[in-house]
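All remarks here apply to the structure that follows.
Derivation of every value follows stated rules applied to the coordinates shown; laboratory data play no part. Everything numeric in this text was worked out from a predicted model, so none of it was measured. We place every Cβ from the backbone using ideal geometry, glycine too, and count neighbours over all the protein chains shown.
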Amino acid sequence: MTRPSADILTITLNPALDMSTSVDAVRAEEKLRCDAPVLDPGGGGINVARAICQTGGTATAFVALAGFRGQQLASLLEAEAVPMIAFPLTGETRFSLAVSDRQAKTQFRFVMPGPGWTKSDLTELSEQLTQAIMPGMHVVLSGSHPPGVPDGFPKTLADITRSNGAKLTLDTSGAALLMQMTRDGARPDILRLDGAESEALAGRKLTTLPDVATFARDLVANKHAHAVVLALGADGSVLATGDEVLHAVTPPVPVASKVGAGDSFVGAFTKARAQGGDWAEALRHGTAAASAAVMSPATELCRVNDLRALLPQVTFTKL
């Protein structure tokens, strides 16, 4: 197995070959003439690694790949010079289609299911991750779980990272996220949530910054994670640690596409931490990267020049 080439390892168990295109208008029952499609390697952990590499850092993407589309995805990562560890599966890597409607200025996203996992796949996965994760490494598990991967996998990964002296950032969704509120939760070093995920865990609407701050502080106090990041869209992000709660935001930016903002945040945040930055510095980089990402079209991530321009414009408030 190839060894990681950096202090950051991202893990993507359910990657996708992303295709994006545009049409004048999306109408039912009509044959729609699309623009030339753009192919990108997709999936939470993949995009985190891509964002890190595109902004001057280095991260290794641990990716489960299957079939012809898996080969295509690997070729795209190679073309972007993203170091990769491929975990082979049978079947086909899933496909995702994003279609932008120019007249309505909306986007339709169609996501197919990924290949199913077996018990032997899961055993081999744990063995390979135990070998790949090194002391001091920052490990990011991001994205959905494919069929056959249990909701409790984040805890399995957390046990491996702790045993190997590494740190885990968890950015997941659905049942795997809800499990983080139970005794079987992973208790990662960093738990990142978007607005809908925060309200799903809280069981209530979080309509004000004090509401968000209280919920984030409670997650840390109840030891669901050592630090929690709650994304607020255009209103920035809130970070809670055992010592403080910070809110960071950039000035408003023109929005081309919201795709990739969360992954860009996690990439820049993790890179800053891996390079020795404190919590505030990591939050500054993550917030600037998320805003930079929405300025780029389609499935592009944050652009390094936009990131650099936004970094000095991030403002902080203690909550």
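In a Gaussian network model over the chain where Cα atoms closer than 10 Å are linked, find which of 25, 202, 256 has the largest mean-square fluctuation.
Of 25, 202, 256, the most mobile in the Gaussian network model is 25.
Could you give the distance between the Cα centres of the stretch 234-311 and the stretch 65-92, to the whole Å?
If we compute the Cα centre of each part, the gap is 27 Å.
Under 20 Å from the 7 Å Cα→Cβ point of residue 106, by amide nitrogen: which residues of the stretch 249-273?
255-260
Peptides 62-73, 121-132: what's the order by average Cβ count within 10 Å, highest mean first?
Sorting 62-73, 121-132 by mean packing, highest first, produces 62-73, 121-132.
Residue 218 versus residue 34, label points 7 Å from Cα toward the beta carbon: distance in nm?
Label at residue 218, label at residue 34, 4.4 nm between them.
From the helices alone, meaning DSSP H stretches of at least four residues, give me the mean residue ellipticity at 222 nm for the chain, per-run term -39500 (n - 2.57), in deg cm²/dmol to the nearest 500.
After summing the helix terms and dividing by residue count, I get -10500 deg cm²/dmol.
Determine one quarter of the surface area of the Cα convex hull of the stretch 212-319, which equals its mean projected area, and express it in nm² to one decimal.
In nm², the orientation-averaged hull projection of the stretch 212-319 is 6.3.
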